[in-house]
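Where a number appears in this text, it was derived from the coordinates with a stated rule and is not lab data. If you're wondering where the values come from, they're calculated on a predicted model, not measured in any experiment. Quick reminder, even Gly has a Cβ in these numbers, built from the backbone with ideal geometry, and neighbours come from all protein chains shown.
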Amino acid sequence: MHARAVAASTTALLGAAAFLLPFTPARAADHGGPRPVIADAGIPRPVIVDHGTAHPVIVAHRGASAYAPENTLAAVDKAAALGAEWVENDVQRTRDGELVVLHDDSLQRTTDVEEVYPDRAPWKVKDFTAAEIARLDAGSWFDPAYAGARVPTLEQFVHRVERNDQKLLLELKNPQLYPGIEGETLEVLSNEGWLDDRHVRNRLVVQSFSADSVRTVHDLKPAVKTGFLGTPPVADLPSYATFTDQINPSHGSLSTPYVAAIHGFRGPHGQPMEVLTWTVNDAAAARRVAGFGVDGIITNTPDVVRDAVGG
Ligand code: G3P
Ligand code: CA
């Protein structure tokens, strides 16, 4: 994924620079990765980047989840049918250690678990085995037409994304509940051939709301592109730039200067950090965030966003 935002404002970057804290790029250097841009005095120096005027990439959130049950293979296929280049998902872990794709930490909202296992409230993912989860219907809650859709394993999900020639924005969801999930996720991706050059260069990003988790992924496999979900203060961006390639904020918290400030730092792979924003489902909001210069838009309605901003 390449940065595609409008030209960063020199004024905004200089303004952002006024808030920057002293910073030592020890962690990036430890891993042999490119160092963030550092001024002689140890103060980060923003880069001025012309991102051009290309359209933001479109990421189908939990698949095309406005039109098919979220995080199912049907939602991946629907995203492909709508021309979405990227698919986002949420990865968690079962009681017996299988990685599965589901957003909530409970199975209650998006499956028929209450009917199938009435005595197992609160139906946490971590309390069920993979075989038990495989019995659940993950489609009927959304629309009877999707009855029989299953909660996919990460392996199944990755297979489908590969088959569709799509790209994967993988979220480690609730990683505090699943110690070690970072390494396990990388192991599945490796087994599926997703850590080769072709995939890590431009087909895979691993993101999380947990900065610790993102940093762990970077430490374990520095070649993998990473994203932090949130809106860190500009003053903290230099330290984020040592382990994350993307800062991915909620669209309500965005502004042109903030996007420009993020673009002003190089991430661990030596490229300007990127901004993917979520969850943008209508044309007006899509045009607004595209105007801020974001690199990508994460959406339940990839067709609506594409029609609004191109791509
Ligand atoms: O990819 C961004 C977005 O998915 C983060 O929020 O709650 O939908 O996982 P959530
Ligand atoms: Ca998510």
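Placing +1 at every Lys and Arg Cβ and -1 at every Asp and Glu Cβ, with all other atoms neutral, what dipole size does segment 212-311 have around its Cα centre, in debye to the nearest 20? Walk me through the numbers on the way to the answer.
On the way: 7 positive and 9 negative charges, 24 e Å.
Taking the Cα centre of segment 212-311 as origin, the dipole is about 120 debye.
Would you mind checking LYS78/LYS225; LYS124/LYS173; LYS124/LYS167 for any pair whose Cα atoms are more than 18 angstrom apart?
Numbers: LYS78/LYS225 25 Å; LYS124/LYS173 13 Å; LYS124/LYS167 29 Å.
Listed pairs above 18 Å: LYS78/LYS225; LYS124/LYS167.
Each residue of segment 94-109 in order: what ³J(HN,Hα) in whole Hz does its phi give by Karplus 6.51 cos²θ - 1.76 cosθ + 1.60, θ = phi - 60°, with x for Gly and Pro?
Values, residue by residue: 7, 4, 9, x, 7, 8, 10, 10, 7, 7, 6, 6, 10, 7, 4, 6 Hz.
Can you give me the three principal axis dimensions of segment 118-207 from its C-alpha atoms, in Å, biggest first?
Principal axes ranked by extent give 46, 34, 20 Å for the Cα atoms.
If you bin every alpha carbon distance in segment 152-311 into 10 Å steps from zero, what whole percent lands in each bin?
Bin by bin from 0 Å, the calculated values are 11, 38, 37, 14, 0.
With θ set to phi - 60°, apply the Karplus curve 6.51 cos²θ - 1.76 cosθ + 1.60 along segment 235-240 and write out the HN-Hα couplings as whole Hz, x wherever there is a Gly or Pro.
4, 8, 4, x, 6, 4
How high is the FRET efficiency between ASP127 and ALA54 when r is their beta carbon distance and R₀ equals 35 Å, given to the nearest 0.05? Walk me through the numbers before you get to the answer.
Details: r = 45 Å, r/R0 = 1.30.
The value I calculate is 0.15.
Antiparallel as a % of all DSSP beta bridges within segment 63-185, to the nearest 5? Let's see the in-between values first.
Numbers: 5 of 11 bridges.
DSSP beta bridges in segment 63-185 are roughly 45 percent antiparallel.
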